[in-house]
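Here's the structure, in structure tokens; my notes come after.
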Amino acid sequence: MLASISVISFASVAAVAGARVDSAKVRTLASAAARAAATTSKASETASTSSAVVADGVLATAKRHLGTRYVFGGTRPGAFDCSGFVRYVFARHGVPLPRTAREQATVGHTVLVGLDSLQAGDLLFFRTRRGRAAHVAIYAGKGRIIHASSGSRRVRYDDLESTRGRWFITHLSGVRRIIDGPSAEPDSRGTGSGAVVRSSGG
């Protein structure tokens, strides 16, 4: 009888001890997972803050060149074409871009959303007789773009909700996100001009 009780007691203690060990493991794993989640969240917040800082810098630099004359082939202060302006502005903030609008349409990643989801610093591409990514502008936030306009012959803002802005809405062929993308390298799919972009409004 005593032997039987001893065996039962030993088995019970072993079972309880095992449960405690398993419980401790669960708590340890849960704690590790929580720490990992917190680290990931902080990293995401840091990256988001960094992207916002770069975007603000890009827009501030672009604004300083308002009124600069448009010259086809222009790449420096004093004379810009659309892609030369974009390339110069981003380069000032450590983001290298290719030379032409067509090439720039392969950088970053495609934004398949409406205009209400654009972020400041996104690149907007427009189709003309010269191609689907023949003109490029920087989204400046609040429904505006800043670009070197061949029609106005200068760097200027345009409101996408204005009468003039309707041309840009109807000719929008692609949006590329450069600043918070995984890398500023060409998209392996080619020009990126085939991106489907749904615009809000007409």
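Structure notes:
- Summing +1 for each Lys or Arg and -1 for each Asp or Glu among the other residues whose beta-carbon sits under 10 angstrom from that of G84 gives +2.
- Normalising the Debye intensity of the stretch 59-177 to I(0), with uniform scatterers on Cα atoms only, and taking log10 at q = 0.10 Å⁻¹ returns -0.24.
- A dipole drawn for the stretch 59-177 from +1 and -1 charges on Cβ atoms has a positive end, and of L118, A134, G174 the residue lying farthest that way is A134.
The numbers here are math on the coordinates, done by the rules we state, and not lab data. The model shown is predicted, which means the values in this text are computed figures rather than measured ones. No Cβ is skipped: glycine too gets one built from the backbone with ideal geometry, and neighbour counts run over all protein chains shown.
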